[in-house]
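To keep things clear, I will list the structure first and then write my remarks on it.
The values are calculated or read from the model by the stated rules, or taken from the named source; none is laboratory data. What you are looking at is a predicted structure, and each value in this text was computed from that prediction instead of being measured. Cβ: placed from backbone, ideal geometry, glycine included. Neighbour counts: every protein chain shown. Ligands, DNA and RNA are excluded from the accessible area calculation, which covers all protein heavy atoms including side chains. Shrake-Rupley method; radii C 1.70, N 1.55, O 1.52, S 1.80 Å.
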Amino acid sequence: MPYISRSDWGAVPPVKTLPVSTRLKGFCLHYMGFPVRTEDPVRLVQSIQRNHMAKPKSWWDIAYNELIAQDGTVLEGRGMLHRCGAQGSTAHNRAYIALGLLLGDGDEPTPEMIQAVRERIAVVRYFQPQATKIVGHSDLKPTSCPGDHVRALIRQGAFEPDATDAPAPSSLTDQVADLQLRVADLERTARTPR
């Protein structure tokens, strides 16, 4: 898995940093919230950092600890030793590492991306074994982030470092068929006399 450091992607120095907590709860997965249509993750991450640090946001730095491209490339954001700014509250920023998946709404993570996320989680857990939770941004605040595909993979345990292979994200057709079966079961249960 290629790793691109801040200096290698040309990061602007942060305005300020805080150390990461020594009592992390876990990891929060994010998507970008806009269509990601680039084969150049370095340019994309440079653009994200500019956006995060410019007015009106005026954040100290790019919000994520690390960012992960579809091909599995990992780009250092704030880094794993600095508190993130992506979770929407000081308490959540203190409790969770923020991993920014370079995906847009509706994009499905590739097996390479999923494997890179697993490896990054394993690295942090080596030093902080109590960091067991893996959540989506929407588990911490009302938002569509990290998207339906990533939320489903979190529920399936696909990002756990010991997962053997990435479950294929279900298609919309599969999701509709599953929902129809559940509705039919509920309707049968409702008609059954008690």
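Among helices (runs of 4 or more DSSP H) entirely within the range 98-194, having at least 2 residues that are modelled with pLDDT of 85 or more and open to solvent by less than 30 Å² (accessible area, probe 1.4 Å) singles out 111-127, 148-156.
Kindly evaluate residue 40 against the criterion of being acidic (Asp, Glu), within 24 Å of residue 115 (Cα to Cα), open to solvent by 20 Å² or more (accessible area, probe 1.4 Å) and at pLDDT 95 or above.
no
Given the criteria in contact with a Ser or Thr (Cβ under 7 Å, 6 or more places away or on another chain), among the basic types (Lys, Arg) and not in a loop (DSSP other than H, G, I, E, B), does residue 50 qualify? For residue 50, the condition - in contact with a Ser or Thr (Cβ under 7 Å, 6 or more places away or on another chain), among the basic types (Lys, Arg) and not in a loop (DSSP other than H, G, I, E, B) - is not met.
Among what's in the range 53-83 and is in contact with a Ser or Thr (Cβ under 6 Å, 6 or more places away or on another chain) and not in a loop (DSSP other than H, G, I, E, B), pick the residue that is farthest from residue 11 (Cα to Cα). Full working, then the answer.
First pass over the range 53-83, keeping only residues in contact with a Ser or Thr (Cβ under 6 Å, 6 or more places away or on another chain): 70, 76, 82.
Adding the requirement that they be not in a loop (DSSP other than H, G, I, E, B) leaves 76, 82.
Numbers: 76: 9, 82: 15 Å.
Across the range 53-83, the extreme among qualifying residues is 82.
Candidates are the residues of the range 84-97 that are of a type in the set (Ser, Thr, Tyr) and touching a residue at least 40 places away in the same chain (Cβ under 8 Å); the one that is least open to solvent (accessible area, probe 1.4 Å) is 96. Can you find even one residue in the range 23-35 that is open to solvent by 40 Å² or more (accessible area, probe 1.4 Å), at pLDDT 95 or above and at negative phi? Checked the range 23-35: at least one residue is open to solvent by 40 Å² or more (accessible area, probe 1.4 Å), at pLDDT 95 or above and at negative phi.
Close Cβ contacts (under 7 Å, 6 or more residues apart or on different chains) running from residues in the range 125-149 that are free of Cβ contacts under 8 Å to residues at least 40 places away in the same chain to residues that are surrounded by 13 or more Cβ atoms within 10 Å (Cβ to Cβ) and of a type in the set (A, V, I, L, M, F, W, C) comprise 125/131; 138/145.
In the range 66-76, the residue that is most open to solvent (accessible area, probe 1.4 Å) out of those that are under 21 Å from residue 50 (Cα atoms) and in contact (Cβ under 8 Å) with a residue 40 or more places away in the chain is 76.
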